[in-house]
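Read-outs: derived from the displayed coordinates by stated rules, not from any lab. Quick caveat, the model's predicted, so the values are computed rather than measured.
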Amino acid sequence: MMKKNHFFAVLSVMFLVLCLFGAPPDSAAQKENEVRKNVQTLMILRMTQVLDLTEEQAVKIFPRMNRIEKEKSAIHREIRRQIMEMRIILDREQPDEQKMIEKIQEIKRLRQELRTVDEEFETFLDTTLTLEQRARYVVFSQEFFKFLRDQLDKARNYQDRLKRNRGFSP
């Protein structure tokens, strides 16, 4: 069991590095989409293993998960756009208070929409998974996203070291 988990951890790290540092797509949006797809694929593989999903469950869950992740991605893009517009408003000498109020309300609305989409998926899982699988999913989702954050930090640190070392020749 320990070898299996170690193998999966190594495979996961390699997969994540390929996702992040693979061939560069044509645009930032394309890169974001590719990373999202790769992370989702990794999540699906790991989730299937951890929850020991049946084929029937996988057929129900993964299309729904894909749809929800696309919705969330679109909402996140809109939040980033709204925040960028808020920065422009704030950079003005005399920021327009009404526009700030509107942006704040829109960002709050979008964040609520994200929570609603997450709750929809959780409710769906409650009707699709067994009690033990639901408990495993709660633990899995926490650990999976912590793993992603940790791997991203490692990748950033590695990139920083490379940048610092480029100026030095042996």
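Go through Lys31/Lys103; Lys37/Lys108; Lys37/Lys72; Lys31/Lys72 and tell me which ones have a Cα-Cα distance over 23 Å in this structure.
Numbers: Lys31/Lys103 27 Å; Lys37/Lys108 26 Å; Lys37/Lys72 13 Å; Lys31/Lys72 17 Å.
As for pairs spanning more than 23 Å Cα to Cα, those are Lys31/Lys103; Lys37/Lys108.
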Q.
Output wanted: per-residue J couplings in Hz (rounded whole) for the range 66-76, from phi through Karplus 6.51 cos²θ - 1.76 cosθ + 1.60, θ = phi - 60°, x for Gly and Pro.
A. 4, 4, 5, 5, 5, 4, 5, 4, 5, 5, 4
Q. Considering only Cα-Cα distances, which of the following residue pairs are longer than 30 Å: Lys99/Lys146; Lys70/Lys99; Lys99/Lys163?
A. Lys99/Lys146; Lys99/Lys163
Q: Whole Å is fine, so just give me how far the alpha carbon centre of the range 30-69 lies from that of the range 114-162.
A: 11 Å
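Fully extended, how many nm does the chain gain between Glu97 and Asn33 (0.36 nm per residue separation, minus their Cα-Cα distance)?
Values: separation 64, 0.36 × 64 = 23.04 nm, distance 3.46 nm.
Full-extension gain reported as 19.6 nm.
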